[in-house]
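For reference, the structure is listed below as structure tokens.
The values are calculated or read from the model by the stated rules, or taken from the named source; none is laboratory data. Because the structure is predicted, anything quoted here is derived from the model rather than measured. Neighbour counts run over all protein chains shown; Cβ positions are idealised from the backbone, glycine included. SASA here: full protein model, heavy atoms, side chains in, ligands and nucleic acids out. Shrake-Rupley method; radii C 1.70, N 1.55, O 1.52, S 1.80 Å.
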Amino acid sequence: MRITHSRSLVERLLFYLGAKIMDEKFMKEALKQAKKAADLGETPVGAVIVRDGKIIARGCNKRETKKNALMHAEISAIDKACRKLGGWRLPGCDMYVTLEPCPMCAGAILNARIENVYFGAYDKKSGCAGSAVNLFDKGLCNYSLTAQGGVMEHECAAVLKDFFKSLRNSKKDYKTPENRQ
């Protein structure tokens, strides 16, 4: 939570609600990127990078489209933000991503010095913001950041669930020459 104790209860509540509204606003933009990835036949993960309350970069998965293992949504958004700001450090930037970052993306987020990461769905098998391992733990690297999961969790998880259900159903319907009658 982002509440400080020096404020009155009402001020803290208003601050919290304002932050929650902003988190949802930016996560909705990340969800648009995830849907863009799904439309390309990609795993639907989307990310946006925010600085001073404005989106400065967007990214979606394009591993299959680009035939490149590095083309995760987070990496794409970081690359665009670095180009826009003219350096590899992204001070004052926050990332909103629909799925908990994998090891590669968590490393890139740390290297870019992103200050806060907000993610939607948890990835229990390979999530590196606390589910499988926490690469953002203080003291683990020379730089630490704050990570918060569960922002619009159900909506983010539903996009992934629907995509993989559709993929499984299309594979069931596909008949190879060997099993056609």
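Cross-link partners of Lys165 among lysines, defined as those whose alpha carbon lies under 20 angstrom from its own and excluding same-chain residues fewer than eight positions apart: Lys32, Lys35, Lys36, Lys62, Lys124, Lys125, Lys175.
Convex hull volume of the C-alpha atoms in the range 71-135, normalised per residue: 70 Å³. Sorted on the mean count of surrounding Cβ atoms within 10 Å across their residues, most packed first, peptides 31-41, 104-114 read 104-114, 31-41. The chymotrypsin sites (Phe, Trp or Tyr not before Pro) found in the range 105-154 that occupy coil by DSSP, while having at most 16 further C-beta atoms within 10 Å, are Tyr143. Note that the chain, at 10 °C in a medium of 1.306 mPa s, gets a Stokes-Einstein diffusion coefficient of 92 µm²/s from its Kirkwood radius over C-alpha pairs. Nonpolar atom fraction for the chain, defined as the carbon and sulfur part of the 1.4 Å probe accessible area, stands at 53 percent.
Per residue, the chain exposes an accessible area of 60 Å² to a 1.4 Å probe, with every protein chain left in place. Taking all protein chains as shown and a probe of 1.4 angstrom, Arg168 keeps an accessible surface of around 130 Å². Would you mind calculating the relative contact order of the range 44-153 from Cα pairs under 8 angstrom and at least 6 residues apart, reporting the percent as a whole number? For the range 44-153, the relative contact order is 21 percent. Counted by Cβ distance under 13 Å from Val133, the other residues give a net charge of -1, where Lys and Arg count +1 and Asp and Glu count -1. Across the alpha-carbon set of the range 24-94, the Rg to Rh ratio works out to 0.99, Rh being the Kirkwood radius.
Anyone know which of Pro103, Pro91, Pro44 comes out most mobile in the 10 Å Cα GNM of the chain? Greatest mean-square fluctuation among the candidates belongs to Pro91. Summing Lys and Arg as +1 and Asp and Glu as -1 over all other residues whose Cβ lies under 15 Å from the Cβ of His72 gives a net charge of +1.
Of His72, His154, the residue with the largest accessible area leads and the full order is His154, His72 (1.4 Å probe).
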